[in-house]
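In what follows, a structure is listed as structure tokens, so that the remarks can point back to it.
The values are calculated or read from the model by the stated rules, or taken from the named source; none is laboratory data. This is a predicted model, so every value here is computed, not measured. Note that we place each Cβ from the backbone using ideal geometry, even for glycine, and neighbour counts take in every protein chain shown. Heavy atoms of the whole protein, side chains included, go into the accessibility calculation; ligands, DNA and RNA do not. Shrake-Rupley method; radii C 1.70, N 1.55, O 1.52, S 1.80 Å.
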Amino acid sequence: MKFDKFTIIAGPCAVESEEQVISTAKFLIDKGIKIMRGGAYKPRTSPEDFQGLKEKGLEILQKAKNETGIQIITEVLDPRDVEKVSAVADILQIGARNMQNFVLLTEAGKTKMPVMLKRGMSATMDEWIKAAKYIEKEGGQVIFCERGIRTFETKTRNTLDISTVPIIKSETNSLIFIDPSHAAGRKDLIIPLSKAAKAIGADGIIVEIHPNPDKALCDGKQSLTFSEFENLLKELK
Ligand code: PEP
Ligand code: MN
């Protein structure tokens, strides 16, 4: 898979409906964005929260691909789902909560696909780099993604550890992305953190957007509207 010098990936936290996903994909293609995110399987802190549309969500992502040609990154939560998720995804996403799910890492690696490995919320960089080796050992290509770590700070959802970028760059041959959305947990920080990502030499960002963030089933507070996302693109130029 080919990436731009600074690749911007965007899309909803979760796949919620066909209309939401297709409108987002069309908007992104129109803006020159080639990769869309969106979870069909959602790792939620509470079992009472929306868990994703699962297979139906994968079908919607496939439809968005067919209709617009956009490429898809989507999370796989369970080793038993790797086959069906990888049939739709161009990049597999492994979430922070599964960074050390070694069975899942191994199965994802066997696909030989690009796998975005998010940093565990309390994982050291060494633990993260070692986890990545489980994927690489099987032939998968790791893309690291820093999404903030848990600290004592409460103003933000997590604390973006920007120092991961030069360290991952010097210690591995892999790409590293920044996820300002999960790092901040609030949309007013997305533009400044994205600029920091670009300035420090990250390979890209992955950002949450939603046609109507107030109605989002997941992570609405940190999701940009389409026009806010256009502003982000302008600010990054
Ligand atoms: C996500 O990307 O929607 C997500 C759940 O992220 P993380 O695994 O970083 O919490
Ligand atoms: Mn999210």
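Where a ≥ b ≥ c are the square roots of the eigenvalues of the C-alpha gyration tensor, would you call region 124-212 rounded, which needs a/c under 1.5, or, failing that, prolate if a/b is larger than b/c, or oblate? It comes out prolate by the Cα gyration axes. For Lys133, neighbours were defined as the other residues whose beta-carbon sits under 13 Å from its Cβ, and their charges (Lys and Arg +1, Asp and Glu -1) total -3. By the rule of a second cysteine Cβ within less than 4.7 angstrom, the chain holds isolated cysteines at Cys145.
Note on Lys137 and Lys155: their simple-model spin labels are 4.2 nm apart, each label 7 Å out from Cα toward Cβ.
Using a 1.4 Å probe on the protein chains only, how many percent of the accessible area of region 156-237 belongs to carbon and sulfur?
Numbers: 1870 of 3550 Å².
Result for region 156-237: 53 percent of the exposed heavy-atom area is carbon or sulfur.
Taking each of Lys130/Lys221; Lys2/Lys198; Lys5/Lys118 in turn, the alpha-carbon distance tops 30 angstrom for Lys130/Lys221.
At 1.4 Å probe size, with every protein chain present, just tell me what the per residue accessible area of region 66-127 comes to in Å². Numbers along the way, then the final one.
Working: 2460 Å² over 62 residues.
Result: 40 Å² per residue.
Distance between the C-alpha centers of region 117-183 and region 60-80? Whole Å please. Region 117-183 and region 60-80 have Cα centres separated by 23 Å. On full extension, the segment bounded by Ser163 and Glu235 gains 23.7 nm, given 0.36 nm per residue less the C-alpha separation.
Under a point-charge model restricted to the Cβ atoms of Lys and Arg (+1) and Asp and Glu (-1), what is the dipole moment magnitude of the chain relative to its Cα centre, in debye to the nearest 20? Walk me through the numbers on the way to the answer.
Working: 35 positive and 33 negative charges, 76 e Å.
Using only the charged Cβ atoms, the result is roughly 360 debye.
With a cut-off of 18 Å on the backbone N, the residues of region 23-63 near the modelled label site 7 Å out from Ser227 along Cα-Cβ are 24, 27-28, 31.
Mean residue ellipticity, 222 nm, helices only, the chain: the sum of -39500 (n - 2.57) across DSSP H runs of n ≥ 4, divided by residue count and rounded to 500, is -11500 deg cm²/dmol.
Considering only alpha-carbon pairs that sit under 8 angstrom and 6 or more positions apart, the relative contact order computed for the chain is 18 percent.
Contact order for region 143-237, expressed relative to its length and based on alpha carbon pairs under 8 Å spaced 6+ residues apart, stands at 25 percent. Under the combined filter of DSSP loop state and at most 10 neighbouring Cβ atoms within 10 Å, region 58-119 retains none of its trypsin sites (Lys or Arg not before Pro).
Within the same chain, aspartates and glutamates fewer than 8 places from Lys65 are excluded, and of the rest, those with a Cα less than 15 Å from its Cα are Glu18, Glu19, Asp30, Asp90.
Can you give me the Kirkwood hydrodynamic radius for the chain, using every pair of distinct Cα atoms, in Å to one decimal? Display every interim value, and only then the final one.
Details: mean 1/r = 0.0574 Å⁻¹.
About 17.4 Å for the chain.
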